[in-house]
Amino acid sequence: MPRSSGTVLENNETTAIANSQLDQAVFLERTKLSFTNIPASIIATFVVAPYLLYVNWAIYGTDLSFIWAGYMFLTMVYRYVIYIAFRKDHERYSLKTWNRLFLVGVVSTAIGWGITGSSLMLTDSLQQQMFTTIVLAGLSSGALATLTPLYSAFVLFTVINMSPLLITLLNYGAPVHYATASLVFIFMAFIITSSARMAKTIQDSISLRFQHDDALKIVAAKKQQTDELNLNLRQQINERELIEHHLEYSMSQLKATLESATDGILVIDNDEQVTNFNQNFIDLFDIPITLIEIADFSQIQGHINSLLKDKTPISPIDTDQVVLLELTDGRLIEAFSKPQKIADHVIGNVLSYRDATMRINSESSLQEAKTKAEVANKQKSEFLSRISHELRTPLNAILGFGHLLQEDNNKHLDSDEKDYISHICVAGEHLLHLIDDLLDISRIESGKLNINLSNVSCEKIINESVALVRPSTTDRNIKIIIKSDLKVMPFIKADHTRCKQALVNLLSNAIKYNKESGSVTLTISANNSHVHFEVKDTGAGISEENFKEIFQPFIRLKQTEKAKGTGIGLTITKRLIDIMNGSIGVESTPGEGSTFWFELPIASTVETASPMQNIKLSPDTTMPAGKQHTILYVEDEPLNQALLKSIVKQISNTRLLMAATGEEGIEIALAEKPDIILMDINLPGVSGYEVLKVIKNDKAFSKTPVFALSANAMPDEIQRGRDAGFFDYLIKPINIDNTRHLLRNTLSMIDNDLI
Ligand code: ADP
């Protein structure tokens, strides 16, 4: 800071330090300037000294002149040495030391020049005196330029240089000398004053330069600060622009999301002020624009409430459930509210309104249709159950007596009559088959088909199935060939009856749709997981486009229309195989024959037979001789009574008691304690179930097997019978052989205490 300008800094201490640093710097600069001028001084000395030497030669004489010249030369050498030393390393000594060294050079040079001034006393030559005066004045003038940076050096030089001359001139006492002395004096005063001014100017200019440098540095520092600030500002602006861009993006995304939603959406803050909404919301309730502008939710809610049918104000905000709003125009609006949160702090609510009229209406019509379908299905099941019951009851008599007539091998009948009986039996069996198929389809479709998966022997299935279909091969001379070694076949996981049913159906078709004297080849093979059953015939075959449809219910191909059938056999077979976790398919070459196949999974372990399998029908069962058995049959239908009489007639030592009503049945049972009771379910008055209940309540009957004998073959009814406590549920029409064997076996088990 410039001292001359008198600027005052707030912090005096700082100012003092700064000022002393500045003084030092200025002082160094002045010293440098002075040292820089040394060569000029030396040159001046070198030029002027020979003149003075020449002029003063006469005064001093040779010796003194050479001493003076030698002295001057030494001062020059000295000054040159310090000049070089300073230039080389001016930090080697302190500034003060350099100054002293410099002053020594100046003073010793001034002494040299001063001596020449005093030497004028030794001469009277005015010319010589004036010459010396001019030379010395000239030297001081020269020193004005070279020594002024160090003002004290200049003053010392001028005083030492000029004073001997001044004194010498005054000593002469002549007017010219006085005049010259006064001029010299004035000259000295003038140049010392000038030097003082110049020194001050130099000092000021140096200090100004430094201040200027400082100012430049400050400006540079300020500029750097400003640049940094600018950079920061730029970054902040960039960040702000980025945030604004993100904000803009999020806003447009929010807007697009709101507008793309099919629901009407309204967003409100905690003060119930509307902060956002979409057009669907406006459209849904036809909200007036003024209401939206006011943005007050309570007024909007008021508008919505005015549209409600029952005018009860419901707000979705009050519940976390979906609220159903019924509008006067018949629309049904579902309203739902979700809190809007920042971290865990709720800042408002998002309300969504959905027009659910169509959905709710279609749901209710769907529900209606479903209920109707369920009712229709129930009616269908009831109808099937009734029809099945009504058809089975007469069939029981038709097939039962038909088989009895065949069994008796009645000698009174001629061969035509025997044929008629055979036809009656075949037709009856066919009718029974149809009823069973229809019931199966109904069970499968209602998901009520009970499948009992157990380990089943392939050999047994095949033998039983082939035995069942073999009689139908004789008419047209069809050969059944079994290709595989059945003994090595593994057990399969299946329902014995249903697996047999599937195979019998494929074998029956292969026989039915075969050519005269054709063949049916049964091949069984197994891989790691499945047993593969293949039934190959030599019939007309099936073209590929029919492969799928023959498994659809009631589809029959034109080429096979002549043969009897209903078109549901393969449908049942496929569903049965599916339920048993297997697969089924067909391959065929039209004109050559068809190959139907199915696969069922191999059983993982071989299970032991169930207890009921132990009471298998066995014609070999023999009754212990002499032991009398009693069977009670509770049945209101005389034909059925007569049929059972014929069946039991052939079981030795067995008497059959009949009861036509439930009450009578209970009476006879209590009185006679029969070994087995056969019970019709649909009895006039007390039903079979009620009779069972009474009997089972009596301890005396705790072990007595009571069989249900009914024409109702519906799965629910069979299950109900088993649940009620019947030993087994026999379905009419009964197979006379099987029934007779069942009775024999049961009696034998009773005798052996196995029941
Ligand atoms: P149905 O034999 O009672 O007609 P299915 O469901 O068992 O009913 O069979 C459906 C149809 O598939 C049959 O009507 C017949 O046209 C065809 N079909 C089934 N098995 C064979 C076969 N082995 N050869 C030729 N056509 C067959």
Ranked on Cβ counts within 10 Å of their own Cβ, fewest leading, L231, L678 go L231, L678
Expected sort for 297-307, 726-736 on mean C-beta neighbours within 10 Å, highest first, is 726-736, 297-307
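By count of other Cβ within 10 Å, fewest leading, how are T62, T148, T566 ordered? Walk me through the intermediate numbers first.
On the way: T62 8, T148 25, T566 14.
Result, fewest neighbours first: T62, T566, T148.
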Scoring the stretch 264-355 by relative contact order with C-alpha pairs under 8 Å, at least six apart, yields a percentage of 28
Projecting the Cα atoms of L438, I451, N463 onto the charge dipole of the stretch 409-469, where Lys and Arg contribute +1 and Asp and Glu -1 at Cβ, the residue farthest towards the positive end is I451
Rounded to one decimal in nm, the spacing of the 7 Å Cα→Cβ label points at T290 and A196 is 9.7
Listing F701, F281 by rising number of other beta-carbon atoms within 10 angstrom, fewest first, gives F701, F281
For the L324, N361 Cβ pair and Förster radius 22 Å, calculated FRET efficiency rounded to 0.05 is 0.95
Inter-part gap, Cα centre of the stretch 347-370 to Cα centre of the stretch 478-512, in whole angstrom, is 55
With the convex hull built on the alpha-carbon atoms of the stretch 450-607, volume per residue in Å³ sits at 108
Rounded to the nearest 10 degrees, the helix 38-88 long axis (Cα) sits at an angle to the longest Cα principal axis of the chain of 10
The alpha-carbon center of the stretch 546-597 and that of the stretch 53-79 are separated, in whole Å, by 151
If one compares the long axis through the Cα atoms of helix 12-36 with the longest principal axis of the Cα atoms of the chain, the angle in degrees, nearest 10, works out at 60
Over 26 Å (Cα to Cα) among K649/K673; K370/K500; K500/K696; K493/K696 -> K370/K500; K500/K696; K493/K696
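If you average the sequence gap of Cα pairs under 8 Å that are 6 or more apart and divide by the length of the chain, what percent do you get for the contact order? Display every interim value, and only then the final one.
Details: 981 pairs, mean separation 53.8, N = 755.
That works out to 7 percent.
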Residues meeting the amide H criterion for V531 (H placed from the backbone, H to H distance under 5 Å, 5 or more places apart or on another chain) are L600, I602
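Can you tell me, using C-alpha contacts under 8 Å and at least 6 residues apart, the relative contact order of the stretch 623-751 as a whole percent? Working shown, then result.
On the way: 196 pairs, mean separation 31.3, N = 129.
Over the stretch 623-751, the number comes to 24 percent.
Suppose every Lys and Arg Cβ carries +1 and every Asp and Glu Cβ carries -1, with no other charges. What dipole size does the stretch 450-607 come out with about its Cα centre, to the nearest 20 debye?
Numbers: 19 positive and 17 negative charges, 85 e Å.
For this selection, approximately 400 debye.
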Reduced to Cα centres, the span from the stretch 182-220 to the stretch 124-180 in Å works out to 24
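Can you show me the helix-derived [θ] at 222 nm for the chain, built from DSSP H runs with n ≥ 4 at -39,500 (n - 2.57) apiece and divided by the number of residues, rounded to the nearest 500.
On the way: 20 runs with 440 residues, N = 755.
One gets -20500 deg cm²/dmol as the mean residue ellipticity at 222 nm.
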Scattering profile of the stretch 264-355 from the Debye formula, Cα beads only, expressed as log10 I(q)/I(0) at q = 0.17 Å⁻¹, is -0.68
Charge dipole of the stretch 450-607 built from unit charges on the beta carbon (Lys, Arg +1; Asp, Glu -1), centred at mean Cα; most positive-end Cα among N528, W597, T538 is T538
Sorting I736, I631, N653 by the position of each Cα along the dipole of the stretch 623-751 (Lys, Arg +1; Asp, Glu -1; all at Cβ), the one nearest the positive end of that ordering is N653
For the chain, the longest principal axis of the Cα atoms and the Cα long axis of helix 415-445 enclose an angle in degrees, to the nearest 10, of 20
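Placing unit charges on C-beta atoms (Lys and Arg positive, Asp and Glu negative, everything else neutral), compute the dipole magnitude of the chain about its Cα centre in debye, rounded to 20. Could you put the intermediate results ahead of the total?
Working: 69 positive and 86 negative charges, 728 e Å.
The calculated dipole for the chain is roughly 3500 debye.
Report, to two decimal places, the Cα Rg of the chain normalised by 2.2 N^0.38 Å (N = number of residues).
Numbers: Rg = 69.1 Å, N = 755, 2.2 N^0.38 = 27.3 Å.
Its radius of gyration relative to the 2.2 N^0.38 Å reference: 2.53.
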In whole Hz, the Karplus estimates of ³J(HN,Hα) for the stretch 690-696 (6.51, -1.76, 1.60; θ = phi - 60°; x where Gly or Pro) are 5, 4, 4, 4, 5, 5, 5
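Each reported figure results from applying straightforward, stated rules to the coordinates on display, with no laboratory input. Keep in mind the model is a prediction, meaning the values are calculated, not measured. Cβ coordinates were reconstructed from backbone atoms using ideal geometry, including for glycine residues, and neighbour counts include every protein chain displayed.
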